[in-house]
1. Which of the lysines could be linked to Lys424 by a straight reach, that is with a Cα gap under 21 Å, when you skip same-chain ones fewer than 8 residues away?
2. Hey, if you put +1 on the Cβ of every Lys and Arg and -1 on every Asp and Glu Cβ in segment 133-255, which of Phe178, Ser141, Ile164 ends up farthest toward the positive end of that dipole?
3. Among Thr59, Thr170, what is the fewest-to-most ranking by other Cβ atoms within 10 Å?
4. Projecting each Cα onto the charge dipole of the chain (Lys/Arg +1, Asp/Glu -1 at the beta carbon, about the Cα centre), which of Ala259, Leu336, Gly117 comes out farthest on the positive side?
5. So what is the relative contact order of segment 121-433, in percent, for Cα pairs below 8 Å that sit 6 or more residues apart?
6. What percent does the relative contact order of segment 230-366 come to when contacts are Cα pairs within less than 8 Å and at least six residues apart?
7. Which whole-angstrom value gives the distance between the alpha carbon centres of segment 386-415 and segment 261-334?
8. How far apart, in nanometres, would the label points at Arg320 and Lys54 be if each is projected 7 angstrom from Cα along the Cα-to-Cβ direction?
Amino acid sequence: MKFNKLRGIALGALFSFYLLGPAETQGQNDTNKKTDNNISGDSLPYRMPLVYDKEDMGTDVPAPKLPEFSELKPISYLPDPFLKADGTRITTKAEWRVRRSEIKDMIERYVIGEKPGKPSTFKATLEGNVIHITVGEGDNSFEMSAQISRPEGAPSDKPIPAIIGMNSSTGSLPRDLFSKRGIATITFRGDQVASTGFGGINYESGNFAKLYPDSTAGYMMRWAWGVSRIIDALEQLPEAMIDTKHLAVSGCSFQGKMALYAGAFDERIALTIPQESGGGGTISWRYSDMLEKRDHVEVENLLHAQGGSDDFPWYARALRQFNNDPDKLPIDHHELIALIAPRAVLMIESSQVARMGAEAARIDHLAAKEVYKALGVPDRIGVAEDDVAHCSWSPKFTPVLEAYLDKFLLGKEDAGPTEVLQSKFTDLDSEKWIPWSAPKLK
C-alpha cells in the first residue's frame, strides 16, 4: 500500500474566522502514564490520554463562523485534518483539542446536526441491574432504561469495565470475548430516544424531539446523545459498580454508525468498535461516490445513505445540499473517525457487501491514522476486515478484538498488537486522496 510520504501542503485558508482563546487544563485518565494536556504546550512532550473525564473537552473553544453552502469550494481529496480554520496547520499535540473542536463543529453543521449536552432535568436510579433515567427540558420529559449484565465470576466489590451495545448487549461481537474477561455488558435501546424503524419516521417523531423540538440533530446524533445519558447515569451511580474510565461502544450496520457517533462525540468512551458502518459511518463520502461510478454498483454514498427521502431523519437536513456534490463538503469521515483520537478505535469490516464500501473505509482509515501518528499513538487505531456476510464474525477478527479489549479496557500493556491493518485493499491511490502528511507535532 502506498502510504503517503509527501510534505505537508499549505492548502490555504478554508475559512476566515476568529479563532482560539486560552483554554483550561483538561481532565484526563491514562492507564499508561500521567499526562499534562495544558493547551499552552509548556509541559510537552507528553503521552496522550487514553480517555477523558468530560463528554466534550472543547466546550471552551470559540465556535467558528462556518460558511454557507454557496461559499464552499470543491475539494477533490480528503481534507487536511490538521489545517485549522485560520489556514495554518497545528504544530503541537496540545493544539489537537482545538482543531478537534473545529472539526466537531463542521460535522455538526454540515452532516449530523448539533448534539445537546446533559439536559436540565436528569435523574438516575438503579433497580437491581437496571438503570432508570429521567431526562427533561422545561415541561417535557421521558424515561430511559438500560440493562446491565455482569459476567459470572466478576468481582462484586469493585467497578468493572463495560461495553455499551447498540440495541443488543455487545452489538454483533461475540459476547463470550467480553464475559470471559470480566467485562460487563449494557444494552442501549435506541428506540427510547428515536425510532429505530426504517419507515414512518421524521424529524418531529420520537422522544428526543419532545425535549428539543427545534434541534438540527439527525437520529444518529440523537442516539449518540442517548448513549451519553447512560454514561451520565453510570457516573452518578457508583453502586452499579461499572468502571466509567473503561467503557466501550459497538454496533453493526446502522447500529455501527450509532456506535461511531457515540464514540466520536463523547470523550468518556475509551474504545469505539464500529462494525460495517457503511455510508455515514467509517466510509468516505467522496470515495464512496467514486466507487459507485467506477464499479457501477450501489455504494452507500450520500444519496443512498439518506434513504432517498427529503424527510429521512438519520442526518441533518443540511447534508442534502451535498448529495450531488460531495466535493463541496469541507470535511469527510476520516475526520469523524479522527474525532475519537487519541482514544482507541477498532473498525471491523466485510468486503463481501459492495454497498458497505469497505474500500472507502480503508482510505478513511489511512487518513485518520495520520492523526493518530501525529499524536504519537498509532497503536490506537486498527482495522479487521474479511470476506464474510453482513454483520457476521470471522475467526480472523478474534485476536485483534481480544488485543483491543485487553489493552484498552483491561489496561494490559503486554496485549497483542493493536496497530493492525487487515485488508485486501492494498493498492489504494493514497497520494491522490491524501495529498498531505502528518506534521511532526511537539
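Readers should treat all values here as calculations from the given coordinates under stated rules, not as data from a laboratory. Here the structure is a predicted model, which is why all the values come from computation and not from measurement. Glycine gets a Cβ as well: all are built from the backbone with ideal geometry, and neighbour counts include every protein chain shown.
1. In chain and number order, the partners are Lys2, Lys293, Lys369, Lys396, Lys432.
2. The residue sitting farthest along the positive end of the dipole is Phe178.
3. By the 10 Å Cβ count, ascending: Thr59, Thr170.
4. Leu336
5. 15 percent
6. 28 percent
7. 25 Å
8. 3.6 nm
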